[in-house]
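In what follows, a single structure is set out as C-alpha cells and then discussed.
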Amino acid sequence: MMAAPTISFAYGALAVISSFVLVVGLSMLDMEYLLLPMAAGFMLVGPLLAVGLYETSRLLELGERPSFGKVAAVYRRNGVQIAGIGLVLMLAMLAWIRIAFLIFALFFSGEPPALDHLVDRIFFSAETIPFLLTGTLFGGVIATAVFSIAVVSIPMLLDRDTDVFTAMATSVAVVRANIRPMIAWGFLIALFMSAGMVTAFLGLAIALPVIGHASWHCYRDLVGPGR
C-alpha cells in the first residue's frame, strides 16, 4: 500500500464515499433496516471491487510503476471472464439481501424497525438472539461459499489466460487444501472490514487497500505465478 499510496488511498477513499452515499440513499428511501445487510453484502463483492489493487500489486511485483491508466486497462485483459465472476458475486449479494429482507419480515412482523428504534429492536429486544442467530447462519453459508470461489479466482484471472470456471475450481481446491489458514484469512478479512465500517466507514480507506494487496500475495503464495 505504501509503495503505491496514491492508487491505494484513492480506492480506499472511493469505498468511504460510496458507503456514505449508500447510507444517505437508504435513509431517503426509508430503508435504513438494510444498512446491516448491505454492509455484509459489501464483503461479498469486495473481491471484485479490489481488481485495481490486485493489478497494482502485480505491476509492483514486475518492477513497473503503477499508474491509474495501467490499472484502468486491467479489464482489457480477460475482461469477459472477470465480468463472469462479477456476475456470480452480484447474484450472491442480491440473494443475501433478499434473504435478509425475509428474515427481517419474519422476526419483526412484516414491518422492519424504523431508524430511531433500529439498534434497540435488533440488539436489545426479545427477538435479538433468534434474529441474529438466523441471520448469522444464512449469511455465514453464503459468505463461506463466496469466499471459497473467490479468494484467489479474480487475481488468477488477471494473471493467467484462463476461464472463470477453472479459476473458481482452483479457488475451492486452494481452500480445501489449506483449510486452517483460509479460515484465519477469512476471519481477518471480516475483522478488518468490520473495523473499517464501525469507524463511520473512514477505516475502509486503509482496510480495503491493505486487504486488496494482501489478497494478491495470498494468490501468489497459494497458486504461484502465471504467465
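The values are calculated or read from the model by the stated rules, or taken from the named source; none is laboratory data. Because the structure is a prediction, the values reported are computed rather than measured. Side chains are part of the model used for accessible areas, which takes the heavy atoms of the whole protein and leaves out ligands, DNA and RNA. Shrake-Rupley method; radii C 1.70, N 1.55, O 1.52, S 1.80 Å.
For region 168-195, taking the residues that are open to solvent by 40 Å² or more (accessible area, probe 1.4 Å) and not hydrophobic (A, V, I, L, M, F, W, C), the one that is modelled with the lowest pLDDT is identified as S194.
Could you check region 196-227 and list, in sequence order, the residues that are open to solvent by less than 50 Å² (accessible area, probe 1.4 Å) and among the aliphatic types (A, V, I, L, M)? M197, L204, A205, A207, L208, I211, A214, V223 - these are the residues of region 196-227 that are open to solvent by less than 50 Å² (accessible area, probe 1.4 Å) and among the aliphatic types (A, V, I, L, M).
Are there helices (runs of 4 or more DSSP H) fully within region 1-105 with at least 1 residues that are open to solvent by 60 Å² or more (accessible area, probe 1.4 Å), modelled with pLDDT of 90 or more and aliphatic (A, V, I, L, M)? List them.
5-28, 51-61
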